[in-house]
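Undergrad: Sharing a structure, written as structure tokens. Questions coming.
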Amino acid sequence: MNSTAKQVGTGATIWPPEEGETITFKSDSGLKVGILKEVKCGLVWRDFILEDGRVIPEHRILGCPEPPVWRTADEISQDEREAAEGRLVMMAEAGLDPRDREQSFWAELNQYLAYTYLRFNRTEHKSPDAA
Amino acid sequence: MSPYEESEKERVWKMLSEAGLIDITLDDFPERIKAAKNVVIGRLRELLELTTTIQEERQSVAYSLGTLKKLETTLQVDSCQSNPGDPQSEK
């Protein structure tokens, strides 16, 4: 473990953690740790990219404030959506396995399905400010 | 964050949780892709019934549907190839 990394996810108040910090996250096999490389905004939520390439959604990181920072479907531009669709098709055609959890294909596909659902499954719920 | 924004985020979180789209489990992708496809098809149907719809929106919805179908097909093929002993893959 990186001895200079600050341990977060145990009650830290600074969010998100900085690059190089050790983060703790929930996985199918219990809690795991990794070194944060960067934080990327996905189509709905933020993904934490670890130095070893694993991609962890923000809401699985210990210490993540609730509710986490999420984008609305309206915030996504056509260019961004098309770029995400292009990457997904390319990864699928390249034979990557989306069931390989914590890898970018799983992360991108999960977000794309969530985004698509939110984009088209619009209920009658409107902002109180809406005319 | 205003109380409205907060409750809106909670509503979205709940909606996605109920649809099983927050942390998709290992074998649920085919089912979740199908669910997303159904939502897109529903929207496309609505748009086709409207006379005032902007062509661009129809195209965008149709493109998303195409992407989901492509993902569904590719992943199904991969799944069959990775389970040669699975009787379903021999259909």
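Undergrad: Just report the Cα centroid separation between segment B:1-52 and segment A:44-76, whole Å.
TA: So the separation of the two Cα centres works out to 18 Å.
Undergrad: How many Cβ atoms of partner chains, on average, are near each residue of A:71-84 if near means within 10 Å of its Cβ? Before the final figure, lay out each step's value.
TA: Numbers: counts 0, 4, 1, 0, 0, 0, 0, 3, 0, 0, 4, 4, 0, 1.
Mean shielding by partner chains, rounded to a whole number: 1.
Undergrad: Could you report the accessible area of B:E49 in Å², rounded to 10, computed with a 1.4 Å probe on the protein chains as they sit in the structure?
TA: The accessible area of B:E49 comes to roughly 140 Å².
Undergrad: On to the next question. Can you pull the semi-axes for segment A:22-120, root of five times each eigenvalue of the Cα gyration tensor, sorted largest first, whole Å? Walk me through the intermediate numbers first.
TA: On the way: eigenvalues 100, 60, 25 Å².
In descending order, the three semi-axes are 22, 17, 11 Å.
Undergrad: On average, how much accessible surface per residue is there in segment A:22-120, in Å², for a 1.4 Å probe, leaving out ligands, DNA and RNA? Show your work: numbers first, answer last.
TA: Details: 4140 Å² over 99 residues.
Computed with neighbouring chains in place, this is 42 Å² per residue.
Undergrad: If you don't mind, another one. If one takes the accessible area of chain A alone plus chain B alone and subtracts that of the pair, with a 1.4 Å probe, what total in Å², rounded to the nearest 100, results? Don't jump to the answer; show the numbers that get you there.
TA: Numbers: alone 8490 and 7610 Å², together 12640 Å².
Summing both sides, the interface buries roughly 3500 Å².
The values are calculated or read from the model by the stated rules, or taken from the named source; none is laboratory data. Quantities reported herein were computed from a predicted structural model and do not represent experimental measurements. Positions of Cβ are backbone-derived with ideal geometry, glycine not excepted, and every protein chain shown enters the neighbour counts. For the accessible areas, the whole protein counts, side chains as well, though only heavy atoms, and no ligand, DNA or RNA atoms are used. Shrake-Rupley method; radii C 1.70, N 1.55, O 1.52, S 1.80 Å.
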